Structure formats: structure tokens, C-alpha cells
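Reviewing the structure listed below.
Nothing in this text is a laboratory measurement; each read-out follows from the coordinates by a stated rule. It should be emphasised that the depicted structure is a prediction, and the values quoted were computed from it without experimental measurement. Cβ coordinates were reconstructed from backbone atoms using ideal geometry, including for glycine residues, and neighbour counts include every protein chain displayed.
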Amino acid sequence: MKSSDGMAIGELAERFGLATHVLRHWESRGLLEPARDPGGQRSYEQADLARVALILMGKEAGFTLGELRTLLSTGDPMDHRDLLQRHVRRLDQRISRAQAARDLIEHALACPHTFAECEHARERITARIPPAPERPPARSTKLTT
């Protein structure tokens, strides 16, 4: 195949280290729209390579395929600032949880005490225990006559 003819699905998949079914799935989800040759075979051009790279970058950033479809539905992902801002907030939450987990692990590695003896660990464990649900007041079982 000449370089000007486009690229077959297997070539594109191999170039990115993907299985061909992944590219077909992305196509079924509206993320890719490859051209077709006269025989009906998919033919990927340079723009498709950039699109696959963008999809992979978006997945690495934690976007769902649906979110990526929205972001890539226009010429500029910045057309969807609200979606990007929501995603930044979700990333901030994930980063915060990951940092707290890292801090706990680093403390555990440095602490000379067991979890049962470590005040810091006991405080963290206690903080993770949800409060007991409120129970309705007990009904009186007295019979009135």
C-alpha cells in the first residue's frame, strides 16, 4: 500500500499498540469516522492518526468515551468549557484522595508503631467509620383499656 493510499485498520492499530476491535468500538461510539476505499475497507488518513492520539490522551486524562465524543464533536474542545471545568473538579478530587492515601502510606512506613498503637492511624480509621443511622423512637407497646 502506498503512503498516499491511507492506512488499513491493522496498520493503524499496530502503530498505536491497540487491538483492531478497539478502533471499531470507537467508530461505533462516534469517535472515529474513517474513509472507505472502493471495496468498503476502512482507510485511515493523517487526521485519523491525530484523532486516535487525542482519544488516547483524553482516556489517559480520565474522560469517558461519551465525554470524548462530545469534546471532539466540534472543531475545538474549548467549545465545551463546562465539561472541561467539571472534569478538572473531578481530577482535583481524585488528586486529593490519592495524596491522602500517599500520606497515610508514607506515615505507615515511617511510624514505629502498629496500626493499633498508632494514634494517627486510629484517628484516620475512626474518621472513615460512618455514623450509625438514626433510629426512630421505639413505639410504646402498652395497651390502653
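What the table shows:
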| quantity | calculated |
| --- | --- |
| Gyration tensor verdict on region 1-73 (Cα atoms; rounded if a/c is under 1.5, prolate if a/b is larger than b/c, oblate otherwise) | prolate |
| Size of electric dipole in region 27-145: Cβ of Lys, Arg +1 and of Asp, Glu -1, about Cα centre, debye, nearest 20 | 780 |
| 222 nm mean residue ellipticity, helices alone, for the chain (DSSP H n ≥ 4; -39,500 (n - 2.57); rounded to 500) | -17500 deg cm²/dmol |
| Identified option (computed log10 I(q)/I(0) by the Debye sum over Cα atoms at q = 0.10, 0.16 Å⁻¹; candidates [x] -0.63, -0.93; [y] -0.37, -0.89; [z] -0.32, -0.84) | [x] |
| Fewest-first ranking of Arg51, Arg139, using other Cβ atoms within 10 Å as the exposure measure | Arg139, Arg51 |
| Dipole magnitude of region 76-128 about its Cα centre (Cβ charges: Lys, Arg +1; Asp, Glu -1), debye to nearest 20 | 180 |
